[in-house]
Amino acid sequence: MKILVSGSHGFVGSALVPFLTALGHQITRLVRPYDPAALDGVEAVAHLAGESIIGRWTPGKKTQIRDSRVNGTRALAESLARLARPPLALVCASAVGYYGERGEERLQEDSPAGSGFLADVCREWEAAARPAVQQGIRVVNLRIGMVLSPHGGALAKMLPVFRLGLGGCLGSGRQYLSWIALDDLVEVIAFALAAPNLRGPVNAVAPTPVTNREFTKTLGRLLGRPTLCPVPAFAARLALGEMAEALLLASARVMPAALLASGFTFRYPDLDGALRHLVGTA
């Protein structure tokens, strides 16, 4: 299958491209500003591009986060919709930030959107793909959780701290983390590109969300290090502002109902097994 990938040099994209290539697919990397001719003959699209959400959320940073996702997705969807032979599938990244702060509530794809900056961005981000939907393209909005890999993302930043014995809970530690191993996420994307009955919002998370306290204790145990250095919520807010509240302290207990109903099998469904694999490859 001829697959177009945007964000191919990012954290997820750089793992996805070799994975799809190994499966025998022909990959075209989409870079902006892109040549519309690059879209010709494409059978499926994985759209992963977007400004990093890491960093203090100044007004300018928030504008970049929103515009890179919403405007970029809309422009791509409109371009695909204008093709004489549009692709069969468009798999767009979204995020579990869609649900906002939800405490211990178990969340599935039909749960309503939350409130706050990230929830608003995710809602607009998903809506921006409508031109493709209206043209009959099968669109999947992947609501991606915290992606675990020793080579990037949150876990890569945690490992040096935890290995020094300086790890600890964030805030109360009671907030739920919805996570997925990078190895599973690239398989989810490949599955979504090919599964004819999968469409709309799809939670790309492992089936066992954990609290921050559980995550902290599990990582410390596997590394053989104590986890006695908590980060108080006020300190996280002071250091990172609004980003800390939305990404580190908010609770979202998200379940992959659509993936499980579609027959997808996770390689790493539980945190202990995932971290054993990932820490062993660090």
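Among residues of segment 90-101 that are under 11 Å from Thr73 (Cα atoms) and modelled with pLDDT of 95 or more, those with a beta-carbon under 6 Å from a residue that is among the small types (Gly, Ala, Ser) and part of a loop (DSSP other than H, G, I, E, B) at least six positions away or on a different chain give the pairs Cys92/Ala129. In segment 15-47, which residue that is touching a Ser or Thr at 6+ places or on another chain (Cβ under 7 Å) and within 19 Å of Ile180 (Cβ to Cβ) is surrounded by the most Cβ atoms within 10 Å (Cβ to Cβ)? Once the filter is applied, the top-ranked residue is His47.
Return yes when Ala235 is within 24 Å of Arg66 (Cα to Cα), in a helix (DSSP H, G or I) and not polar (S, T, N, Q) and no when it is not. Spelling it out, it is not the case that Ala235 is within 24 Å of Arg66 (Cα to Cα), in a helix (DSSP H, G or I) and not polar (S, T, N, Q). With respect to (1) of a type outside the set (D, E, K, R); (2) part of a loop (DSSP other than H, G, I, E, B); (3) closer than 30 Å to Leu90 by Cβ, the lone exception for Ala192 is condition (2). Is one or more of the residues making up segment 15-25 touching a residue at least 40 places away in the same chain (Cβ under 8 Å) and touching an Asp or Glu at 6+ places or on another chain (Cβ under 7 Å)? No, segment 15-25 has no match at all. The set of residues from segment 151-170 being over 30 Å from His9 (Cβ atoms) and either under 23 Å from the mean Cα position of the chain (by Cα) or aromatic (Phe, Trp, Tyr) (or both) comprises just one member, Cys169.
Anything in segment 183-225 that is surrounded by fewer than 19 Cβ atoms within 10 Å (Cβ to Cβ) and among the hydroxyl-bearing types (Ser, Thr, Tyr)? List them, or say none. Answer for segment 183-225, where residues must be surrounded by fewer than 19 Cβ atoms within 10 Å (Cβ to Cβ) and among the hydroxyl-bearing types (Ser, Thr, Tyr): Thr208, Thr211, Thr218.
The residue list Gly145, Gly153 contains one member that is within 15 Å of Pro209 (Cβ to Cβ), surrounded by fewer than 24 Cβ atoms within 10 Å (Cβ to Cβ) and in contact (Cβ under 8 Å) with a residue 24 or more places away in the chain, which is Gly145.
Restricting the search to strands (runs of 3 or more DSSP E) fully inside segment 22-100 and requiring at least 2 residues that are under 15 Å from Leu193 (Cα atoms) and among the β-branched types (Val, Ile, Thr) gives 26-30. Looking at Gly173, Gly220, just one residue is over 15 Å from the mean Cα position of the chain (by Cα), assigned to a loop (DSSP other than H, G, I, E, B) and at pLDDT 95 or above, and that residue is Gly173. Exactly one residue out of Gly55, Gly72, Gly60, Gly50 is surrounded by fewer than 17 Cβ atoms within 10 Å (Cβ to Cβ), within 19 Å of the chain's Cα centre (by Cα) and closer than 27 Å to Met146 by Cα: that is Gly55.
In a residue-by-residue description of segment 244-256, the property of being in a helix (DSSP H, G or I), in contact with a Lys or Arg (Cβ under 9 Å, 6 or more places away or on another chain), modelled with pLDDT of 95 or more and buried (at least 22 other Cβ atoms within 10 Å of the Cβ) applies to no position.
The values are calculated or read from the model by the stated rules, or taken from the named source; none is laboratory data. Keep in mind that this is a model prediction, so the values were computed, not measured. Every residue, glycine as well, gets a Cβ built from its backbone with ideal geometry; the counts of neighbours run over all protein chains shown.
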